[in-house]
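The values are calculated or read from the model by the stated rules, or taken from the named source; none is laboratory data. As the structure is a prediction and not an experimental result, all values here were calculated from the model. Using ideal geometry, Cβ is built from the backbone for each residue, glycine included, and neighbour counts are taken over all protein chains shown.
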Amino acid sequence: MELSRRDALAALAAGGVTVGATAALDGNPFDGGDEPAPDRPSPEERLDALVAVADVVYPAEVSGVEEFVRRYALGRVEDREGYRDGIVDALDTLDEYARTWHDADFRALDAETRESVLDQMAVDDADPDPDGSDRERVRYYAVNELLYALYTSPTGGELVGIENPQGHPGGATSYRRGPGE
Amino acid sequence: MTDGTTPDRTPSERADVCVVGAGPAGALVAHRLASDGRDVVILEAGERFDFADRTERMERAIRPAHHPHSVWEMGGERDAYTAAGERSYPLNAARVKGVGGTTLHWQGMVMRFRESDFEPWPIDYRDLRPYYAEAESLLGVAGADDNPFGPPREEPFPLPAFEPSHSDSVFAEACERLGVAMHSVPNARNSEGYDGRSACVGYGTCKPVCPSGAKYSADHHVERAESEGARVIDRAPVQRLEHDAAGDRVTAAVYAAPDGRTHRQEAREFVLAAGGVETPRLLLLSESSAYPDGLANSSGAVGRYFMDHLFAGMGGTIDRETRQNHVGFITSECHQFYDDPTRGTDGPAGGVPEWSGDGPEPGPLKLEFLNYAGPSPVETALAGDEWGDDLLDSLRESYGDSIAMGGLVGQRPRKENRIALDRSTTDDHGNPVPEIHWQLDDRTEATLRRANEIQAAILDELGVEVSWTVGPEATGPAFHHMGTTRMGLDPESSVVNPRLRTHDLRNLAIASSGVFVTSGALNPTLTIAALALKAADHVDERL
Ligand SMILES: Cc1cc2nc3c(=O)[nH]c(=O)nc-3n(C[C@H](O)[C@H](O)[C@H](O)COP(=O)(O)OP(=O)(O)OC[C@H]3O[C@@H](n4cnc5c(N)ncnc54)[C@H](O)[C@@H]3O)c2cc1C
Ligand code: SF4
């Protein structure tokens, strides 16, 4: 199932960001601010890292992930410096672990190794916490951030069988329809 | 504004009425009196929340990192309390402090009490009937006149009812076979745009937050009151009420401001609308030499007879798609067993058996058909320990076939259930915190068992594999705080008279479910709203 621009807008709405239907949502969420230091990842590399996490935590049958994640992250961090810093910090943390164990940034690892990094960090059973330990912040700002985006979007809901998931303002008629109606 | 950033929290020089609390009771009193041209000041302990933040609050409610109390900033020293009864009471899950009060968090089911509910009261259904109609129109109630067990009504609901859910239609088959009636639920929720608020758009998170404003919350009437000239001072918890030398009239409400200063708001009339726990607490805190046991407490009834409704429920899975969790409210109920909970039913496939239990007979109960049974996929996803394809498989496995019923049962007024002061623990202003003494009696437990019996008969007829039951052991409160400043004719045994004025003080009224004499088994807020409008009329007469 393909994640569309509409899904990104819907997921943003679930997070308190109202974006006009005609909004451009162009650009990179990690752009802006100061010129990154030479030893720091560029905005493109950061976006790649977030997409790399999505590749692990999203089910194989969704497509259009890169565009979805880019648009979603763009809307999420607009005018929210603190939130952007939270995501950036979680991605940097992932890179640190990836470099320690595999000598490469997270985004440069193959799919299996990325998953193993998250497993080794025990992010799967970490309690999400924006102010917590490394694994708790990675769970909050990277893994859960992306899962929230997916499963409050119509396409994410449909994957499970609920086209109007909680958090998505999908109207007051879907609850009346029977299966397949 | 005094300096452009800090709101002016000094008292108004001249006020006709000072209202304490900006929940639905206070909001409606203030709106009505301000519309009548009265000078009204509302003192509200909590803050004024920005409507634009509601979606972020919803995210907090869905994402597991955030404590449920953080959605509306509850908890901490300000909200400290002691649960001293046999049963613990989670008070801060049961209220919100802020402009709009607990309706910011509530579910929004709104029924009129039935005629039988008023039997022990000094007023009856007829006295409240016009106020009920008005309250329905102010709150924007969506409903249909299809409840054969409801009290008489002439005028239609202001908004059409929400149509039954797919899940209701699954229940309807079994209920028909058993002779169990189903009917709509009045909802303080816009089935169409109403009074400047949006129609429901299906966020599905009504409780604890509706981002669209389709669910009624009392901040709406606070704003309306302000546009009629009322003044609201937020973050201004009232510390105590002062009275004149004769002990006849309240002279001022003493409140604290965030800058540490204390102010006195004087007024001709005072209306307490601080909810069923803080209202009696404030009276107890206002003890004086004339009122050594607490203000307006010559009867000794202040804080006593605390009642709540109890939840009874049952649910499991069925071999069909039930399509839960699209919306966060319910669309069907059954009030058939309200007046006679022991009755059986007759249908083509048998019926619900009569109550066979020994011991005390059950009291009033109502049954609910839930539209949010079982897990919400997004919440499961965020709290689980899987991702990728494994997570999707688990979500598909857990979502789709859940089904459940809920229900409410009432409690009888008992003197020993009460709100007192815990003088060993103080809040952020050094005041003793509320101490809640609460327990269930045999009759309430029998009623919970009876609700479970009926639920079991219906779920069994449907072929549901029952996986959970909430009965007398696991039950919890529905967060309806009643009885603590009860109404009555006799000043020796009650706190307010049928005009909602305290027997002891001539210019002090109470608008709250605290004045309820009995609890019934129906959600209280429409009755609170009707009583608030009645109280406002009597205040107006006195001015
Ligand atoms: C989870 C939940 C679901 C609910 N669902 C329903 C439902 O479906 N149907 C229904 O009928 N009811 C429901 N209720 C109950 C409903 O919310 C209350 O009955 C209603 O809000 C009570 O109105 P009130 O104005 O008396 O008090 P509140 O709404 O509690 O407002 C009281 C206000 O007074 C303020 N205050 C307190 N002390 C002071 C002080 N000393 N000085 C100044 N201000 C003070 C508080 O900060 C608060 O803002 C629900 C409640 C909860 C918690
Ligand atoms: S489903 Fe509930 S939360 Fe969503 S818009 Fe309707 S009333 Fe509001």
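Test A:Val138 against the criterion of being touching a Lys or Arg at 6+ places or on another chain (Cβ under 8 Å), buried (at least 23 other Cβ atoms within 10 Å of the Cβ) and more than 7 Å from chain B (Cβ to nearest Cβ), and give yes or no.
Judged against the criteria, A:Val138 is not a match.
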(1) within 30 Å of A:Pro59 (Cβ to Cβ); (2) touching a residue at least 40 places away in the same chain (Cβ under 8 Å); (3) within 14 Å of chain A (Cβ to nearest Cβ) all hold for B:Ala404 apart from (3)
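A quick yes/no check of all residues on (1) modelled with pLDDT of 95 or more; (2) on the phi < 0 side of the Ramachandran plot; (3) in a helix (DSSP H, G or I):
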| residue | (1), (2), (3) |
| --- | --- |
| B:Arg449 | yes, yes, yes |
| B:Asn452 | yes, yes, yes |
| B:Ala456 | yes, yes, yes |
| B:Val466 | yes, yes, no |
| B:Phe479 | yes, no, no |
| B:Leu489 | yes, yes, no |
Of the residues that make up segment B:417-428, is at least one outside the structural domain of B:Ala65 (by TED's automatic domain parsing), surrounded by fewer than 20 Cβ atoms within 10 Å (Cβ to Cβ), out of contact with any strand residue (DSSP E or B) (no Cβ under 7 Å at 6 or more places or on another chain) and farther than 30 Å from B:His326 by Cα? no
Could you please let me know if B:Glu223 is away from chain A (no Cβ under 12 Å), more than 12 Å from ligand 2 (Cβ to nearest atom) and at pLDDT 95 or above? yes
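Here is a yes/no grid of residues against (1) crowded, with 18+ Cβ neighbours inside 10 Å; (2) of a type in the set (A, V, I, L, M); (3) more than 7 Å from every other protein chain (Cβ to nearest Cβ); (4) within 14 Å of the chain's Cα centre (by Cα):
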| residue | (1), (2), (3), (4) |
| --- | --- |
| A:Leu118 | yes, yes, yes, no |
| A:Val123 | yes, yes, yes, no |
| A:Asp131 | no, no, yes, no |
| A:Pro154 | yes, no, yes, no |
| A:Glu158 | no, no, yes, no |
| A:Gln166 | yes, no, no, no |
| A:Ala172 | yes, yes, no, no |
From B:Pro152, B:Pro211, which residue is of a type outside the set (Gly, Ala, Ser) and within 14 Å of another protein chain (Cβ to nearest Cβ)? B:Pro211
Of these, B:Val222, B:Val254, which one is outside any loop (DSSP other than H, G, I, E, B) and either under 27 Å from B:Thr518 (Cα atoms) or under 25 Å from the mean Cα position of the chain (by Cα) (or both)? B:Val222
I'd like to verify a number: residues in segment A:141-152 that are away from ligand 2 (no atom under 16 Å from the Cβ) and either at the interface with chain B (Cβ under 7 Å from one of its Cβ atoms) or in a loop (DSSP other than H, G, I, E, B) (or both), how many? 5
In segment B:187-205, is there at least one residue being buried (at least 21 other Cβ atoms within 10 Å of the Cβ), of a type in the set (Lys, Arg) and either away from ligand 1 (no atom under 16 Å from the Cβ) or under 26 Å from B:Phe516 (Cβ atoms) (or both)? yes
Mind checking which pairs have a first residue in segment B:102-128 that is within 14 Å of chain A (Cβ to nearest Cβ) and a second that is within 15 Å of ligand 1 (Cβ to nearest atom) and not acidic (Asp, Glu), Cβ under 7 Å, 6 or more apart or different chains? B:Gly108/B:Asn187; B:Gly108/B:Ala188; B:Gly108/B:Arg189; B:Gly108/B:Cys206; B:Gly108/B:Lys215; B:Gly108/B:Tyr216; B:Gly108/B:Phe329
Please tell me if A:Ala104 is facing chain B (nearest Cβ under 10 Å), without any contact (Cβ under 8 Å) to a residue 40 or more places away in the chain and assigned to a loop (DSSP other than H, G, I, E, B). no
Any idea which of (1) in contact (Cβ under 8 Å) with a residue 40 or more places away in the chain; (2) closer than 30 Å to B:Gly193 by Cα is the one B:Asp53 doesn't satisfy? (1)
Is it the case that some residue within segment B:154-162 is in contact with a Ser or Thr (Cβ under 8 Å, 6 or more places away or on another chain), surrounded by fewer than 24 Cβ atoms within 10 Å (Cβ to Cβ) and in the same structural domain as B:His503 (by TED's automatic domain parsing)? no
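Table: residues versus (1) within 16 Å of ligand 2 (Cβ to nearest atom); (2) crowded, with 23+ Cβ neighbours inside 10 Å; (3) assigned by TED's automatic domain parsing to the domain that holds B:Ala94.
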residue	(1), (2), (3)
B:Asp259	no, no, yes
B:Arg268	no, no, yes
B:Arg323	yes, yes, no
B:Cys334	no, yes, no
B:Gly350	no, no, no
B:Glu361	no, no, no
